[in-house]
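The values are calculated or read from the model by the stated rules, or taken from the named source; none is laboratory data. Because the structure is predicted, anything quoted here is derived from the model rather than measured. For neighbour counting, all protein chains shown are included, and Cβ atoms are generated from backbone atoms with ideal geometry for every residue, glycine included.
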């Protein structure tokens, strides 16, 4: 997500038309027989028009395995259907009002001078206790599973995916999912994965994420775009899932509520709750705490990939000095590499207060040295940014020592040679121009 603090627009409203129930006619001269009280049921919210989502047959959740690299030529694990030549007409869209233009972030308050670098925090802060009572999670409908696309490039030459983008449900993104999909076609992509900010318990940072009541709507919005672009672009369901100590149980349950293709873990230092808990010392110690949590997020086993891994450089960006935290970062990367979890090169860093991709090139080289898999994401909050700066990012990866770049389908990692991805972007973009 973008680190600039933006105006807090009103939450996206669901334009779900509700029909007024027709009262039943009163029976003539008959007293209704007494009925037994029906057991209390969970009331499900209706889906957007024509965005019906069926719940698949229940099955035991599969044990998560270590990501397996798949060569481009290899056939996917599931049989794929041939893409339809013509895109289906979009179903009636549930329009969400466009939020007002974001305001510029207020200047950060200066903290005391930086402490001397340390390899690890001397005393990691106490973790937030789990909620006293487990949050009640209503049962929701799952999006219907989709067959995987055929391996290799499409007829246009498209080969790669943008694996990070949002919807208006996060309250700080603009544009319908179909607009993001259309931009992806122009950018020469084979597919996109929506990763909107997940709901969280106990009112955690509610102004930048979907609410519990909007989770089912999110599934329907992504499915609607997938149906509209069938045969033109592969649209998949993912989630940007918060890592905050004490909420692991809630997040684990959340990941079982839909058939996600990709789960992106994120530590957001900007959250009021995070700042209140961990902003207790110097600027550099706060940054060390962030990298400690980054490693813990990978070690939790909850995520496929770690998002924008040096996002904390936007905390007092004028004082950022990678050399000061390099030992801490090195230790965190050692721990992440041991888990097999991928890390993201997030191109939206160029639009943040510290104008550099996340991570920067020096940290990227350290990741390549440890053979940590890498995924590209635009972190688009506007449709125009889908696939933005991907050619530059791929060149950075090559310079850092990477040969392959990855994306996820069915929560399995797929690796592609960077040289082939670069060629595909140009070929498909020219074809679709």
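Going through 332, 342 one at a time, which residue ends up being surrounded by 22 or more Cβ atoms within 10 Å (Cβ to Cβ), within 21 Å of residue 241 (Cβ to Cβ) and in contact with a helix residue (DSSP H, G or I) (Cβ under 6 Å, 6 or more places away or on another chain)?
Values: 342 fails: in contact with a helix residue (DSSP H, G or I) (Cβ under 6 Å, 6 or more places away or on another chain).
Just a single option satisfies the conditions, and that option is 332.
Across segment 388-433, which residue is surrounded by the fewest Cβ atoms within 10 Å (Cβ to Cβ) among those that are free of Cβ contacts under 8 Å to residues at least 40 places away in the same chain and assigned to a loop (DSSP other than H, G, I, E, B)?
403
Any idea which of 344, 420, 388 is farther than 30 Å from residue 258 by Cβ and modelled with pLDDT of 95 or more?
420
Checking the condition closer than 23 Å to residue 295 by Cβ, modelled with pLDDT under 95 and in a helix (DSSP H, G or I), which residue from 349, 331 passes?
349
In this structure, does residue 295 turn out to be within 25 Å of residue 411 (Cα to Cα), part of a helix (DSSP H, G or I) and out of contact with any helix residue (DSSP H, G or I) (no Cβ under 7 Å at 6 or more places or on another chain)?
no
Which one is modelled with the highest pLDDT, of the residues in segment 131-174 that are surrounded by fewer than 22 Cβ atoms within 10 Å (Cβ to Cβ), part of a loop (DSSP other than H, G, I, E, B) and touching a strand residue (DSSP E or B) at 6+ places or on another chain (Cβ under 7 Å)?
149
Would you check if residue 282 is more than 25 Å from residue 374 (Cβ to Cβ) and in contact (Cβ under 8 Å) with a residue 24 or more places away in the chain?
Yes, satisfied.
Could you identify the single residue in 380, 297 that is in contact with a strand residue (DSSP E or B) (Cβ under 7 Å, 6 or more places away or on another chain), within 21 Å of residue 172 (Cα to Cα) and either at pLDDT 95 or above or crowded, with 21+ Cβ neighbours inside 10 Å (or both)? Step through it out loud before you land on a result.
On the way: 297 fails: within 21 Å of residue 172 (Cα to Cα).
Answer to the check: 380.
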